[in-house]
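Notes follow the structure.
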Amino acid sequence: MAVGLPENVFMTTLDAAANWARSNSLWPMPFATACCGIELMATAASRHDMARFGAEVMRFSPRQCDLLVVAGRVVMKMLPVLQRIWLQMPEPKWCISMGACACTGGVFDTYAVVQGVDRFIPVDIYVPGCPPRPEQLLAAVIDLQDKIKSGGTLMGREFAAETTPRGPNPFDPKELRRIQGLPILSNSGVSSSSIVLPGHSATGHHTGFANGKGGIRG
Amino acid sequence: MVDLAELQNRYGSELTASTFRDNHRLVVPCEKIYEVLSGLKQDFGFDQLIDITAVDYLEYPDAEHRFGVVYLLLSVSTGERLIVKTFVDLPKPELPTIYSLWKGANWMEREVYDMFGIVFSGHPDLRRILLPDEFASFPLRKDYPLQGRGERHNFPVITRAES
């Protein structure tokens with residue numbers, strides 16, 4: 001203890017103070033497209049009460065939010081909207097991908113449904129389940145709070161450093177073969193490295209996973 | 001019940017009818033579809049169009065045509081229903097629009113166009129209705145793969161640094 005300080009003054013770093021404030025006042029932007037949205041509403045309602053974690057202020061304007069909760073499946077017609085909402089949110093911001101559909105496309109492996117929003121926007125926390133229980137979403141919020149407290153910085157340096165996509169490669173080798181008119185082989189027969197991906201070199205995309213830090217921060 | 005003999009008398013003998021479990025069906029050659037539907041509306045009391053949909057008969061062993069277009073009609077006064085079916089083929093699946101008979105056909109025909117690529121000539125606004133405008137193929141055709149041709153993966157990837 002510093003000598004001469006009164007009892008109601010304490011010392012901390014700016015980063016820690018910012019993390020403490022940010023993690024306890026997450027303002028969610030509900031992007032609810034399916035049944036996960038109902039669970040999201042239940043999480044915010046009185047029984048489970050997300051207000052206990054400071055995340056009860058659902059704002060329907062992305063300009064006022066810092067936590068995007070993608071709850072439900074996202075179809076290809078909706079994805080530009082989702083990306084625009086994500087870009088409109090002010091920094092610092094985080095994203096929770098809630099439910100099997102938002103994480104992986106779930107059972108909807110069709111021509112219209114995006115196979116995981118993490119292919120196109122950066123996701124911080126994945127919540128499995130179909131739909132997840134409110135407790136799972138609360139656990140995700142608590143995990144996100146821990147993540148912010150452990151790695152956040154006042155000016156968001158950790159975000160600026162992340163120049164490679166977090167998610168998997170958006171291009172499905174099978175679909176690329178369909179575009180090129182090549183025969184579709186079984187999973188083991190197709191090597192993704194044998195196909196030149198537009199905008200992605202065969203190895204460049206996944207270097208983020210090979211450098212020891214892992215694709216998902218945390 | 002519509003009298004088949006009377007219809008054949010008016011529109012030619014290519015019309016065939018069948019009944020299955022109280023569903024009355026009428027098969028019409030595609031060049032007469034507008035004429036028949038217009039007659040059914042004006043003279044036989046089928047004043048409501050319930051739906052327009054289509055079927056792709058690719059890989060059906062005994063199919064003679066590629067697409068069947070199905071019109072479901074209802075007579076509001078008698079409660080009678082009628083299924084009118086016609087067939088079109090590639091490379092130019094085209095039918096006359098029935099927008100002038102029922103305004104509700106507008107979006108139904110757009111949906112059939114969106115999913116099957118069947119063109120309704122004379123339609124006032126034949127655009128895609130469900131899929132994005134830049135979508136290049138017709139996904140309910142049976143030769144379209146279940147998982148798509150890369151449409152759902154063709155978006156920019158936003159990294160955390162640039163957002």
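The values are calculated or read from the model by the stated rules, or taken from the named source; none is laboratory data. None of these values were measured; they are calculated from a predicted model. So basically every Cβ, Gly included, is an ideal-geometry build from the backbone, and we count neighbours across all protein chains shown.
General remarks:
- Of the numbered criteria (1) free of Cβ contacts under 8 Å to residues at least 40 places away in the same chain; (2) under 22 Å from A:PHE159 (Cβ atoms), the one A:VAL9 fails is (2).
- Filter result for A:ARG59 (basic (Lys, Arg), surrounded by 14 or more Cβ atoms within 10 Å (Cβ to Cβ) and either at pLDDT below 95 or closer than 17 Å to A:MET98 by Cβ (or both)): yes
- When region A:71-93 is filtered for residues that are assigned to a strand (DSSP E or B) and either in contact with a Pro (Cβ under 7 Å, 6 or more places away or on another chain) or modelled with pLDDT of 95 or more (or both), only A:ALA71 remains.
- The residue that is nearest to A:ALA160 (Cα to Cα), among those in region A:82-96 that are facing another protein chain (nearest Cβ under 9 Å) and surrounded by 18 or more Cβ atoms within 10 Å (Cβ to Cβ), is A:LYS93.
- Boolean, B:ALA136 is over 15 Å from the mean Cα position of the chain (by Cα) and either more than 29 Å from A:GLY181 (Cβ to Cβ) or not in a loop (DSSP other than H, G, I, E, B) (or both): no
- Filter pass, B:VAL76 being out of contact with any helix residue (DSSP H, G or I) (no Cβ under 9 Å at 6 or more places or on another chain) and either free of Cβ contacts under 8 Å to residues at least 40 places away in the same chain or not polar (S, T, N, Q) (or both): yes
- Of the residues making up region A:21-56, those that are surrounded by fewer than 16 Cβ atoms within 10 Å (Cβ to Cβ) and small (Gly, Ala, Ser) are A:ALA21, A:SER25, A:ALA45, A:SER46, A:ALA51.
- Flag if A:ILE125 is in contact with a helix residue (DSSP H, G or I) (Cβ under 7 Å, 6 or more places away or on another chain), more than 13 Å from chain B (Cβ to nearest Cβ), of a type outside the set (Asp, Glu) and free of Cβ contacts under 8 Å to residues at least 40 places away in the same chain: yes
- Answer from B:TYR144, B:TYR113 - the residue that is part of a helix (DSSP H, G or I) and of a type in the set (Ser, Thr, Tyr): B:TYR113
- The listed residue being of a type outside the set (D, E, K, R), within 14 Å of chain A (Cβ to nearest Cβ) and buried (at least 18 other Cβ atoms within 10 Å of the Cβ), out of B:PHE138, B:PHE120, B:PHE116: B:PHE138
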